[in-house]
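Asker: One structure is given below, represented as structure tokens, and several questions about it will come after.
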Amino acid sequence: MELFFRQGITLNSFLTQLGVKNGDVIKEVNGTAYTIQNVYDLVMGSQSWNEGDDITMLIERNDEEITLSGKITVPTTMRSAIKEMDLPATDARVKLRTAWLKN
């Protein structure tokens, strides 16, 4: 069975910078072939990677093999959050929120 990056998920910054796209199938990482049978080896090996180390990934995309090369970076993801606005007590929005919370 193949290892692949799922469709419909947001890839982290490391994968995006490397050039990975959703749906890509992982064939090799740093010269070692990976499948579902040995994915644990990839996961454990990746824990010893250091920022700035070289990485090469052979992937299959649209029936074509592509080599992606780059440097290991600390991955980041985007997230959305709701933050309370810092408004004066006299602002109409604050008065509405206060009235709403009282009921």
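Asker: Between 0 and 90 degrees, rounded to the nearest ten: what's the tilt of helix 92-102 against the longest Cα principal axis of the chain?
Answerer: Helix 92-102 sits at roughly 90 degrees to that axis.
Asker: Which lysines does K21 reach when only Cα atoms under 26 Å apart count, and residues fewer than 8 places away in its own chain are ignored?
Answerer: List returned: K71.
Asker: Along each of its three principal axes, how wide is the spread of alpha-carbon positions in the chain, in whole angstrom units, largest first?
Answerer: Principal extents (largest minus smallest coordinate, Cα): 64, 28, 23 Å.
Asker: On to the next question. Would you calculate, for the chain, the mean residue ellipticity at 222 nm contributed by helices, counting each DSSP H stretch of 4 or more residues as -39,500 (n - 2.57) and dividing by all residues, to the nearest 500?
Answerer: The helix contribution divided over the chain gives -6500 deg cm²/dmol.
Asker: Please report, in debye to the nearest 20, how large the charge dipole of the chain is about its Cα centre when each Lys and Arg carries +1 at its beta carbon and each Asp and Glu carries -1 there.
Answerer: For this selection, approximately 1020 debye.
Asker: What is the set of long-range amide H partners of V29 at a cut-off below 5 Å, with H atoms built 1.01 Å from backbone N?
Answerer: Y34, L58
Asker: Using label points projected 7 Å from each Cα along Cα→Cβ, tell me how many nm separate V74 and A89, to one decimal.
Answerer: 4.1 nm
Asker: Which Cα, out of I9, P88, V39, lies furthest along the positive dipole direction of the chain (beta carbon charges, K/R +1, D/E -1)?
Answerer: Sorting the options by dipole projection puts first P88.
Asker: Using 0.36 nm per residue, how much length does the chain from T67 to S13 gain when fully extended, once their Cα-Cα distance is taken away?
Answerer: 17.6 nm is the gain from fully extending T67 to S13.
Rule-based calculations on the coordinates, nothing more; no lab input. All values derive from a computational prediction rather than experimental measurement. Heads up, the Cβs are rebuilt from the backbone with ideal geometry, glycines too, and the neighbour counts pull from every protein chain shown.
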